[in-house]
Amino acid sequence: GIQVEQSPPDLILQEGANSTLRCNFSDSVNNLQWFHQNPWGQLINLFYIPSGTKQNGRLSATTVATERYSLLYISSSQTTDSGVYFCAVVERDGGSQGNLIFGKGTKLSVKP
Amino acid sequence: EAQVTQNPRYLITVTGKKLTVTCSQNMNHEYMSWYRQDPGLGLRQIYYSMNVEVTDKGDVPEGYKVSRKEKRNFPLILESPSPNQTSLYFCASSLGLGQSYEQYFGPGTRLTVT
């Protein structure tokens, strides 16, 4: 099955710093999403981005499907950005199951 | 507000006592599914449903049942819970078949089985 690798696994930032999180996937995908899991365990949708570039406030994401990677940019980080960031994909030839395959996540800690 | 809701959010129960975790979405979504999240194992799909009365097994279906009698609801049933089902559970939904549409997750249900 498809493999999803995220880097770095852990990231500590000072408030106000910028960061780039990376997601590599091993096969063609129909769906790629970025999530933020907050300290209370909730999964927050950040981007649905199987290809191209999107921006939402201080966050933006780019997926280069032909090269099988996606990047999540966080600018001017805030303490509320802390948590785990997941990349998740649905394999193109995965049939009707449609299950999201998650990476192991990047744990981000933003210090005041 | 468009959302996926789950109840209860937290549950502590004992081995063998049947329980149901409810999931409801108000977005008229066709596709719904359940995941569990465990340390070191990540999120894994339990069951999914492509439409009313159409359900199928995901990657870890043992010990679980589901039903889809109405489009908006997709309850997860544990007939005889065991400690290895202690986990964080998420319900998700999307407009159509999961591979082609954005999936939205509920707030999670933290289950402890003693």
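We did not get these values from a lab; they are worked out from the coordinates using the rules stated. Computed from a predicted structure; not experimentally measured. So basically every Cβ, Gly included, is an ideal-geometry build from the backbone, and we count neighbours across all protein chains shown.
In chain B, with Lys and Arg counted as +1 and Asp and Glu as -1 at Cβ, which of these residues, B:95, B:21, B:40, has the Cα nearest the positive end of the dipole, that is, farthest along it?
The one lying farthest along the dipole's positive direction is B:21.
Compactness ratio of the range A:1-86: Cα Rg over 2.2 N^0.38 Å, N = residue count? If you can, show how the numbers build up before the last one.
Values: Rg = 12.8 Å, N = 86, 2.2 N^0.38 = 12.0 Å.
Here the Cα radius of gyration is 1.07 times the empirical estimate.
Mind checking the dipole of chain B: about its Cα centre, +1 per Lys or Arg Cβ, -1 per Asp or Glu Cβ, Debye to the nearest 20?
Working: 12 positive and 10 negative charges, 71 e Å.
Dipole size: approximately 340 debye.
Extension gain residue B:5-residue B:110, at 0.36 nm per residue separation less the Cα-Cα distance, in nm?
Details: separation 105, 0.36 × 105 = 37.80 nm, distance 1.36 nm.
Separation in residues times 0.36 nm, less the Cα-Cα distance, equals 36.4 nm.
Quick one: grab Rg to one decimal and Dmax as a whole number for the range B:60-104, Cα atoms only, in Å.
12.7, 35
Could you work out how much longer the chain between residue B:27 and residue B:69 gets when fully extended? Use 0.36 nm per residue separation minus the Cα distance between them, nm to one decimal.
Numbers: separation 42, 0.36 × 42 = 15.12 nm, distance 1.64 nm.
Net length gain for the segment: 13.5 nm.
Loop only by DSSP, 14 or fewer other Cβ within 10 Å of the Cβ. Give me the trypsin sites (Lys or Arg not before Pro) in the range A:1-73 that pass, ordered by residue number.
For trypsin sites (Lys or Arg not before Pro) across the range A:1-73 that sit outside H, G, I, E and B with at most 14 neighbouring Cβ atoms in 10 Å, the list reads A:58.
Quick one: Karplus J couplings for the range A:98-111, per residue in order, coefficients 6.51, -1.76, 1.60, θ = phi - 60°, nearest Hz, x for Gly and Pro?
My calculation for the range A:98-111 gives x, 7, 6, 9, 9, x, 6, x, 10, 8, 9, 10, 10, 9 Hz in order.
Can you work out the base-10 log of I(q)/I(0) for the range B:1-44 at q = 0.15, 0.27 1/Å, using the Debye formula on its C-alpha atoms alone?
Result of the Debye calculation: -0.56, -1.11.
If you put +1 on each Lys and Arg Cβ and -1 on each Asp and Glu Cβ, how big is the dipole of chain A around its Cα centre, in Debye rounded to 20? Before the final figure, lay out the partial values.
Working: 8 positive and 8 negative charges, 40 e Å.
Dipole of chain A, to the nearest 20 debye: 200 debye.
If you build a Gaussian network model of chain B, linking Cα atoms that sit under 10 Å apart, which residue out of B:81, B:39, B:61 swings the most?
Among B:81, B:39, B:61, the largest mean-square fluctuation in the Gaussian network model of chain B belongs to B:39.
Cα centroid distance between the range A:37-112 and the range B:44-114, in Å?
Cα centres, the range A:37-112 to the range B:44-114: 22 Å.
Please work out how much length the chain gains when fully extended from residue B:56 to residue B:84, using 0.36 nm per residue of separation minus the C-alpha to C-alpha distance, in nm with one decimal.
Details: separation 28, 0.36 × 28 = 10.08 nm, distance 2.18 nm.
Stretched out fully, the residue B:56 to residue B:84 stretch lengthens by 7.9 nm.
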